[in-house]
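> Following this message is one structure expressed as structure tokens.
The values are calculated or read from the model by the stated rules, or taken from the named source; none is laboratory data. Note that the structure is predicted; figures quoted are calculated from it, not measured. Heads up, the Cβs are rebuilt from the backbone with ideal geometry, glycines too, and the neighbour counts pull from every protein chain shown. For the accessible areas, the whole protein counts, side chains as well, though only heavy atoms, and no ligand, DNA or RNA atoms are used. Shrake-Rupley method; radii C 1.70, N 1.55, O 1.52, S 1.80 Å.
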Amino acid sequence: MKEYLQLFWAFMKVGALTFGGGYAMLPILQRDIVEHYKWATEEEVMDYYAMAQCLPGIIMVNTSTFIGQHRKGTLGGFVAGFASTVPSLVIITVIAMFLTRFAEYPVVQNAFAGIRACVVVLIINAVVKLWKSAIVDWKALVIVFLPVFALSAFTSVSPILLVVAAAVAGIVITLVSDRLKRGGEAK
Amino acid sequence: MTYAMLLLELFWEFLKIGVFAVGGGMATLPFLYDLGEKTAWYTSAQVLDMLAVSESTPGPIGINMATYVGYTVGGIPGAILATLGTILPGIILVIVLAKFLEKFRDNRYVNAAFYGLRPASTALIAAAGIGVLGESLFNLTLFEQTGNLADFFCAGPIVLAAVIWVMTNLIKKTKSWHPVVYIAASAVVGIVFKLGGA
């Protein structure tokens with residue numbers, strides 16, 4: 001029971017500290033889930049995040065469910081996924097009840113300009129950390145990272161397509177380098 | 001229509017959005033516009049207002065939008081049901097996929113696929129980061145209007161970002177602070193120095 005409560009609390013925090021899209025959850029995941037609780041490795045978090053993009057629904061909830069499932073099975077998945085939505089439920093309901101012009105308050109706009117600048121740096125730091133465990137050789141950099149980055153930053157190609165293509169590329173690269181290695185040994 | 005029927009219909013509509021919106025919160029937007037037109041539960045102007053709130057509160061935009069629309073249509077039970085509808089299909093699929101992957105963890109094709117997924121995942125996050133960087137530290141629209149290069153840079157947010165970068169990377173003592181400390185402090189700095197220009 002205690003472990004489920006811990007899952008609930010941890011993913012409620014993830015939900016409360018994700019400002020913007022799903023990518024904004026990464027700094028919190030690294031800090032709390034990978035480094036503090038050690039519920040998943042950096043590599044696992046990347047795998048989950050990539051798969052979460054290709055499934056229907058909300059990326060942050062899907063990623064949280066993956067980690068919860070990994071930790072405590074089916075119920076753990078439900079607990080983590082649902083917990084990540086609780087802060088939104090509470091905050092939005094309160095705003096909808098009392099503060100319908102919330103987004104127009106100067107204080108909110110100024111606070112958010114500050115938060116966005118902070119989130120930028122936190123994401124850059126997160127990417128630098130991920131880099132070390134994701135870009136294991138030059139092939140990962142040249143064949144996967146650079147094209148995906150360029151297409152995602154400068155075109156409107158769907159991320160789903162990019163993720164699927166990257167998985168296929170991973171299989172092809174592995175098969176080809178295995179064959180080359182074997183060929184080398186045969187000589 | 002009774003209230004119970006309304007809630008049931010709301011849940012059903014959001015369950016459909018949860019199945020068909022692939023690619024995160026922003027992918028739910030077209031569905032939300034359609035739903036408003038079809039049911040007359042809310043107008044598209046209301047969707048825009050709700051989006052503004054959803055973007056300026058914690059939590060992912062997709063969940064914030066589902067909660068807001070659900071509350072507008074059916075009060076607190078509506079908020080809960082709309083959110084559950086949006087997330088349930090994803091949660092169920094994730095659990096099924098995770099169970100499948102557990103069985104094939106040592107399969108070399110699965111591992112080879114992940115070898116490709118990890119750099120792709122990092123690249124997607126980096127690209128999203130560049131997107132936020134452009135929106136929060138630079139102001140292209142103002143620069144295009146005035147032609148004044150100084151208007152292109154948002155000086156306040158840039159200084160704040162630089163200070164946070166130094167504190168999170170170079171200073172031993174502050175490096176270990178939890179992200180929430182930086183987020184909260186940045187909100188305060190934003191308010192005190194009017195970083196949003198409001």
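> Please specify each residue of the range B:127-145 satisfying the condition of being hydrophobic (A, V, I, L, M, F, W, C) and farther than 11 Å from A:Tyr23 by Cα.
Hits for the range B:127-145 are B:Ile130, B:Leu133, B:Leu137, B:Phe138, B:Leu140, B:Leu142, B:Phe143.
Okay, residues lined up against (1) closer than 30 Å to A:Ile171 by Cβ; (2) more than 7 Å from chain A (Cβ to nearest Cβ):
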{"residue": "B:Gly75", "(1), (2)": "no, yes"}
{"residue": "B:Ile80", "(1), (2)": "no, no"}
{"residue": "B:Leu93", "(1), (2)": "yes, no"}
{"residue": "B:Gly116", "(1), (2)": "yes, no"}
{"residue": "B:Pro119", "(1), (2)": "yes, no"}
{"residue": "B:Ile125", "(1), (2)": "yes, no"}
{"residue": "B:Leu133", "(1), (2)": "no, no"}
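> Right, another one. Given the condition under 13 Å from the mean Cα position of the chain (by Cα) and either surrounded by 21 or more Cβ atoms within 10 Å (Cβ to Cβ) or of a type outside the set (A, V, I, L, M, F, W, C) (or both), answer yes or no: does some residue in the range A:70-77 qualify?
no
> From A:Glu43, A:Glu35, which residue is open to solvent by 40 Å² or more (accessible area, probe 1.4 Å), acidic (Asp, Glu), more than 7 Å from chain B (Cβ to nearest Cβ) and part of a helix (DSSP H, G or I)?
The unique qualifying residue is A:Glu35.
Table: residues versus (1) without any contact (Cβ under 8 Å) to a residue 60 or more places away in the chain; (2) in contact with a helix residue (DSSP H, G or I) (Cβ under 7 Å, 6 or more places away or on another chain).
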residue	(1), (2)
A:Phe8	no, yes
A:Tyr23	no, yes
A:Glu35	yes, no
A:Lys38	yes, no
A:Ser64	yes, yes
A:Ser88	no, yes
A:Met97	yes, no
A:Arg101	yes, no
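Results for (1) touching a residue at least 12 places away in the same chain (Cβ under 8 Å); (2) within 24 Å of A:Gln53 (Cβ to Cβ), shown as yes or no for each residue.
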residue: B:Gly18; (1), (2): yes, yes
residue: B:Leu35; (1), (2): yes, yes
residue: B:Asp49; (1), (2): no, no
residue: B:Thr57; (1), (2): no, yes
residue: B:Thr67; (1), (2): yes, yes
residue: B:Val73; (1), (2): yes, no
residue: B:Pro77; (1), (2): yes, no
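> Of the conditions (1) under 22 Å from B:Val110 (Cα atoms); (2) under 20 Å from the mean Cα position of the chain (by Cα); (3) among the basic types (Lys, Arg), A:Lys139 fails just one. Which one is it?
All conditions pass for A:Lys139, except number (2).
> Could you tell me which of the residues B:Pro77, B:Pro89 is assigned to a helix (DSSP H, G or I), touching a strand residue (DSSP E or B) at 6+ places or on another chain (Cβ under 9 Å), modelled with pLDDT of 95 or more and surrounded by fewer than 24 Cβ atoms within 10 Å (Cβ to Cβ)?
Only one candidate passes the filter, namely B:Pro89.
> For the range B:165-187, what are the residues that are more than 22 Å from the chain's Cα centre (by Cα) and at the interface with chain A (Cβ under 8 Å from one of its Cβ atoms)?
Within the range B:165-187, B:Trp165, B:Thr168, B:Asn169 qualify.
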